[in-house]
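Following: one structure in structure tokens, then a few remarks.
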Amino acid sequence: MSKKSTIALGAILSAGLAFTASAETVIKVGHGAAESFHMHRALLHFEELVEAGSNGEIDVQIFPSSQMGPDREMIEGVQTGVLEMAIPPSSFFAGWDPAFAVIELPYMYASKDIAFNVLESEAGDGMIERIEGQGLVGLGWLELGVRNVTNNVRPIASPADLEGVKLRTMQVPAHVATFQALGANPTPMNFGEVYSALQQGVIDGQENPLAIITSQRFYEVQSYLSTTGHVFAVYMPVISQPFFDSLSAEHQQLIRDSMAAARTFQAETVAAEDASQLEEIRAAGVEVLELTAEQRQAFADATESVRLQYRDEVGAEAYDAWVAAVAAASAN
């Protein structure tokens with residue numbers, strides 16, 4: 001046998017051995033964000049921990065940038081078992097259970113820390129339990145971020161400045177209602193379409209956390225950014241319940257612990273990068289307006305009707321319990 005043939009046979013045998021020694025369990029994970037976004041990097045940490053902790057018995061495969069479809073389709077994919085895991089914004093679950101709308105109502109929290117104190121309390125645990133009848137298991141929370149407005153019409157210093165601005169929002173009724181109350185023209189649109197819609201002038205602006213504005217390079221096609229901080233948004237990682245139930249107790253715990261560790265990793269990453277993202281947006285030529293607490297309060301006052309409307313929609317009991325949890329977290 002020639003040397004080349006020996007090498008080729010060796011490569012085939014190596015590939016075969018690698019195949020037979022491959023992981024017994026594959027977890028495909030879908031999400032909508034870019035690979036540079038902090039949530040994706042937190043998931044890479046999750047992948048490392050799960051694969052190492054299972055001694056290679058579990059293979060985690062992450063599919064970013066809506067490769068597995070829009071968020072609602074990914075949730076349905078997990079419900080039907082086509083996809084093992086998805087990382088959608090929590091607000092999408094309001095389509096199945098109106099109570100989820102309360103998490104992302106406008107100006108619900110005075111700070112991100114207060115929001116996470118609520119999410120990691122009994123109130124947040126209770127919210128996760130609400131999806132148990134939907135073929136899903138909730139694995140906690142990951143940060144999406146504090147949402148801010150960018151646009152090509154004018155700087156947004158007050159609600160009046162939003163008058164008539166055609167603004168892309170998520171396909172979330174509470175977000176649409178928020179911008180209707182502020183006088184904008186909210187335009188729901190799938191996330192993957194936003195950059196080209198801004199570039200072509202189909203919409204005037206959009207609203208997202210700084211980390212998404214930078215990772216998606218929206219600053220290339222926007223002139224103004226205002227730190228409205230109107231909604232604090234989170235992802236709720238979900239895994240297929242039948243799939244999760246098929247795992248050993250040890251592997252179930254490994255997945256839960258690894259997601260909790262990914263959340264800590266993400267928090268540290270976000271804290272290190274927040275200030276530099278504003279500078280990156282400024283450096284791209286975007287006019288940045290950092291709102292004062294008084295200016296933000298004007299937006300909060302203008303959206304009070306939305307919060308009260310959702311008390312009826314969410315149900316007074318669930319809404320009041322969440323508001324009470326926010327008050328308790330704010331007092332600590």
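Values quoted throughout were computed directly from the atomic coordinates according to the rules given, and no laboratory measurement underlies them. Note that the coordinates shown come from a computational prediction; the quantities given were computed from them, not determined experimentally. Quick reminder, even Gly has a Cβ in these numbers, built from the backbone with ideal geometry, and neighbours come from all protein chains shown.
Suppose R0 equals 41 Å; then what is the FRET efficiency for Gln253 and Arg311 from their Cβ-Cβ distance, rounded to the nearest 0.05? Mind dumping the intermediate values first?
Working: r = 37 Å, r/R0 = 0.91.
E between Gln253 and Arg311, to the nearest 0.05, is 0.65.
Given the DSSP H assignment, sum -39500 (n - 2.57) over each helix run of at least 4 residues in the chain and divide by its residue total; what's the result at 222 nm in deg cm²/dmol, nearest 500?
Working: 13 runs with 159 residues, N = 332.
After summing the helix terms and dividing by the residues of the chain, the value is -15000 deg cm²/dmol.
Considering only the other residues whose Cβ falls under 15 Å of the Cβ of Leu225, what net charge follows from Lys and Arg at +1 and Asp and Glu at -1? Can you show the working numbers first?
On the way: positive: Arg147, Arg154, Arg168, Arg217, Arg282, Arg296; negative: Asp161, Asp204, Glu207, Glu220, Asp274, Glu279, Glu280, Glu287, Glu290.
With Lys, Arg at +1 and Asp, Glu at -1, the net is -3.
In nanometres, what is the gap between the two model label sites at Ser196 and Ser111, each 7 Å from Cα along Cα-to-Cβ?
4.3
How much of the pair distance distribution for region 231-332 lies past 17 Å, counting alpha-carbon pairs only, in percent?
Here the tail beyond 17 Å accounts for 76 percent of pairs.
Which net charge results for the neighbourhood of Ser91, defined as the other residues with beta-carbon distances under 12 angstrom from its beta-carbon, given Lys and Arg at +1 and Asp and Glu at -1? Kindly include the intermediate steps, with their values, before the conclusion.
Values: positive: Arg72, Arg147; negative: Asp71, Asp97, Glu104.
Around Ser91, the charge tally is -1.
Give me the number: length gained by fully extending Arg282 to Asp301, i.e. 0.36 nm times residue separation minus the C-alpha to C-alpha distance, one decimal in nm. Spell out each step's value before the answer.
Details: separation 19, 0.36 × 19 = 6.84 nm, distance 2.87 nm.
That pair, Arg282 and Asp301, stretches by 4.0 nm at full extension.
What is the calculated FRET efficiency for Val26 to Ser330, with r their C-beta to C-beta distance and R₀ = 45 Å, to the nearest 0.05? Don't skip to the end; give the middle numbers.
Details: r = 43 Å, r/R0 = 0.95.
Between Val26 and Ser330 the formula returns 0.55.
Relative to the compact globular guide of 2.2 N^0.38 Å, what is the alpha carbon radius of gyration of region 3-331, as a ratio? Spell out each step's value before the answer.
Working: Rg = 21.4 Å, N = 329, 2.2 N^0.38 = 19.9 Å.
Normalised Cα radius of gyration, region 3-331: 1.08.
Suppose the chain between Glu273 and Glu220 were pulled fully straight at 0.36 nm per residue; how much longer would it get relative to their current alpha carbon spacing?
17.1 nm
Gap in Å between the Cα centre of region 240-278 and the Cα centre of region 57-115?
14
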